[in-house]
Amino acid sequence: MARTANSRLMLVILAAVFAFLYVPISVLVALSFNDGGLPTAWTGFSVKWYGELFRNADVMSAAFNTLVVAVVSTIFATLFGTLLAIGVEIRRRKGRFLETIIFAPMIIPDIVLAIALLSFFSMLNVTMGLHTVILSHVVFNLAFVCSVVRARLKTFDWSIVEASADLGASTPVTMIRIVIPVMMPAIIAGALLAFTLSVDEFIIAFFTAGAGRASITLPMQIFAMIRFGVTPEINALATIVMAVSVIALALSQRLNRGGLPGQ
């Protein structure tokens, strides 16, 4: 009886937690299809607010900037993160300190990292713009890509590399024909995770974007719009951003079944 009561209590707590997490999101998605202009009063089903988004020049400009930042930062973060993961895994017994500081951006609060990057760019007299946002996102995403790839490398049989060398293959050939294909699911998963984080990231972009609309991303655009009140148009924009993030994250998890280290 006691075990049954405890099981029911856990189910109630679990249901309450999931409701707290997902009911607001469900309401946001539902209200994005609201025909009326009021954000809380349902007046009928309509997709007109999604059409309004595509006619909004500011939103389209921010979406283009977000896509540029996400794609470019993902490419560089994936490249450097993969190389970093290989290097750290090979030297894991000699580079404990290096391994520790690599994952610092995952632990440090975003606001601290954003202020640090802003101070760094200011010290170098770098003009803020889309390029500084991209560089900042590369720094932010490196640790995540590295951790995903390392999770794959922990199960990698390094004797294959030794066998390849014994058979006369050079290091580049071994990397291209053996190591990279084995790691490819994790590399793609890390890239998708980096893309998702870049699309959603607000604080670092807000601090490193500089003045003007040329470097405004979608999260910054949503913040600027929401200061005047929540509208169905904002709900629609948030729904699209959330859908892109969820799809990319789902693909990342599917490709990298092992997930992050410790999972």
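Of all residues in the stretch 127-148, one or more are exposed (fewer than 15 other Cβ atoms within 10 Å of the Cβ) and at pLDDT 85 or above.
May I ask you to say which residue of 145, 133, 139 is in a helix (DSSP H, G or I), without any contact (Cβ under 8 Å) to a residue 60 or more places away in the chain and either among the aromatic types (Phe, Trp, Tyr) or closer than 21 Å to residue 77 by Cβ (or both)? Quick ask: steps written out before the conclusion?
Details: 145 fails: without any contact (Cβ under 8 Å) to a residue 60 or more places away in the chain; 133 fails: without any contact (Cβ under 8 Å) to a residue 60 or more places away in the chain.
The unique qualifying residue is 139.
Just to be sure, is residue 111 farther than 28 Å from residue 214 by Cα and aliphatic (A, V, I, L, M)?
Details: farther than 28 Å from residue 214 by Cα: no; aliphatic (A, V, I, L, M): yes.
Criteria not met by residue 111.
All conditions in (1) exposed (fewer than 15 other Cβ atoms within 10 Å of the Cβ); (2) in contact (Cβ under 8 Å) with a residue 12 or more places away in the chain; (3) at positive phi hold for residue 213, with the sole exception of (3). Of the residues 245, 252, the single one that is assigned to a helix (DSSP H, G or I), at pLDDT below 85 and within 26 Å of residue 100 (Cα to Cα) is 252. Restricted to the stretch 17-34, and to residues there that are open to solvent by less than 60 Å² (accessible area, probe 1.4 Å) and either of a type in the set (A, V, I, L, M) or assigned to a loop (DSSP other than H, G, I, E, B) (or both), the residue that is modelled with the highest pLDDT is 19.
Looking at the stretch 162-175, is at least one residue in contact with a Leu (Cβ under 7 Å, 6 or more places away or on another chain), over 15 Å from residue 203 (Cβ atoms) and of a type in the set (A, V, I, L, M, F, W, C)? So far as the stretch 162-175 goes, no, none of its residues is in contact with a Leu (Cβ under 7 Å, 6 or more places away or on another chain), over 15 Å from residue 203 (Cβ atoms) and of a type in the set (A, V, I, L, M, F, W, C). Would you point out the residue of the stretch 35-64, among those that are part of a helix (DSSP H, G or I) and more than 16 Å from residue 239 (Cβ to Cβ), that is most open to solvent (accessible area, probe 1.4 Å)? Here the answer is 64.
The values are calculated or read from the model by the stated rules, or taken from the named source; none is laboratory data. What you see is a predicted model; the values in this text were computed from it and never measured. Cβ coordinates were reconstructed from backbone atoms using ideal geometry, including for glycine residues, and neighbour counts include every protein chain displayed. The area values use the complete protein model at the heavy-atom level, side chains included, leaving out ligands, DNA and RNA. Shrake-Rupley method; radii C 1.70, N 1.55, O 1.52, S 1.80 Å.
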